[in-house]
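The structure under discussion appears below in the form of structure tokens.
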Amino acid sequence: MLDQVQSRRPALGQALAETATAIDRLFDRTLAVPRDSRGRLVEAMRYAAIGGGKRLRPLLVLASGALFGVPRNHLLRAGMAVECIHVHSLIHDDLPCMDDDALRRGRPTVHIAYDEAVAVLAGDAFLALAFETLASPSTHPDAQVRSHLVLALARRSGAAGMAGGQMLDLAAEAEAELDLDAVTRLQRLKTGALIRWSVGAGAILGDAPADAIASLMAYAQCLGLAFQIADDLIDAAGDESCAGKRLRKDGDRGKKTFVGLLGIDRARDRAERLADQAEDHLRDFGPAADLLRDIARFAVERDR
Ligand code: GRG
């Protein structure tokens, strides 16, 4: 996939590759394996976090923070924090009590490679690590900025954010019908909440003015939905070896998705329109926001 991005959007290809390397390094330095029985837990965390994933959320933190001249090491730490929450959600989402998946990022899921108890603990430890990372003065010298990041991430991850969206998604499986508004609300929480935090984090770290924050949040709202529709399209029509996970499962499980409601062609049109709208919200930033523009296109063109 990276080769394809590199040829069509070289700046984005390079940014994705550099972000992946930097986040891998940060996880590698952070997750030192203890020599006692906790070693198995930290090995499982390393297995889940290092060497996989597109690192889209950390890249969003980097791209929005670059608009306000935020130092890269602060942005990378915030990026690792949101990746911790994301990896946590993937590990728990794959458990038998949730989506019961055996393949993720082209490898056996954590509960298959280790066991369920280790997978639950690894997820829990990532949740703690996210907030430990944000609360550290290495992320920003000003305690008010750090507490703003922590508060926002707690809200975006919990019952009013991603965990709430996951609950709506699980409950929806038993429902006969869910209309477009209900699916949109569910996905704004389940997938959109962390994407909004990622874009907002760069602005918080950069003490951005209110009008810039409002434009970035409008961008992130459109991007989150476009990204989720692309995810639904990959599940419905994508290639399993590219995606690195089991596909065609949304329909089997009775998941309520954009593709289920709109069909493939209209869902694709809607994702494209959302990416256009996301770009429109960046007009006041000029060429400085080109990376965020490329990310919006990538969100809907991707095959994994
Ligand atoms: C974190 C408090 C807390 C709760 C978690 C299990 C759960 C509650 C939520 C599940 C949320 C979930 C799995 C949403 C799916 C979002 C999504 C589209 C994931 C795929 O993201 P990509 O494509 O994956 O960025 P990679 O592997 O590239 O990082």
Problem - Where a label projected 7 Å from the Cα of residue 171 along Cα→Cβ would reach, residues of the stretch 184-201 with amide N under 20 Å - result: 184-194
Fill in the blank from the handout: In nm, the gap between the two label points placed 7 Å beyond Cα toward Cβ at residue 184 and residue 252 is 3.1 nm
Completion exercise
residue 17 and residue 103 label points (each 7 Å along its Cα→Cβ direction) are spaced in nm at 2.7 nm
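Work out how much length residue 218 to residue 128 would gain on full extension: take 0.36 nm times their residue separation and subtract the Cα-Cα distance, in nm to one decimal.
Numbers: separation 90, 0.36 × 90 = 32.40 nm, distance 2.91 nm.
Result for the pair: 29.5 nm of gain on full extension.
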Exercise for the section: Determine the distance separating the Cα centre of the stretch 251-271 from the Cα centre of the stretch 130-167; give it in Å without decimals. Expected result: 31 Å
Exercise for the section: Can you tell me the FRET efficiency between residue 143 and residue 210 if r is taken as the Cβ-Cβ distance and R0 is 22 Å, rounded to the nearest 0.05? Expected result: 0.50
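Sum -39500 (n - 2.57) across every DSSP H segment of at least 4 residues in the chain, then divide by the residue count to get the 222 nm mean residue ellipticity, nearest 500. The partial results should precede the final answer.
Working: 17 runs with 214 residues, N = 304.
Helices in the chain give a 222 nm mean residue ellipticity of -22000 deg cm²/dmol.
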Completion exercise
Expressed in nanometres to one decimal, the distance between label points 7 Å along Cα→Cβ at residue 36 and residue 280 is 5.9 nm
Handout entry: Residues in the stretch 224-259 reached by a label modelled at residue 303 [backbone nitrogen below 17 Å; 7 Å Cα→Cβ]
Key = 230-248
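Which order do 242, 97 fall in if you start with the one that has the fewest other Cβ atoms within 10 Å? Please list the in-between numbers first.
Numbers: 242 14, 97 10.
Exposure proxy ranking, most exposed first: 97, 242.
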Practice task
Using only the alpha carbons of the chain, determine the length spanned along each of the three principal axes and report them from longest to shortest in whole angstroms.
Solution key: 54, 51, 38
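If you take all C-alpha pairs in the stretch 102-145, what percent of them are over 11 Å apart? Mind dumping the intermediate values first?
Numbers: 658 of 946 pairs.
Distances greater than 11 Å cover 70 percent of the Cα pairs.
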Problem - All aspartates and glutamates inside 12 Å of residue 255 as judged from Cα atoms, apart from same-chain residues fewer than 8 positions distant - result: 99, 169, 173, 175, 177, 232, 235
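Just so you know, all these numbers are worked out from the coordinates, no wet-lab data involved. These numbers were taken from a predicted model, which means no experiment stands behind them. Cβ atoms come from the backbone with ideal geometry, glycine included; neighbour counts cover every protein chain shown.
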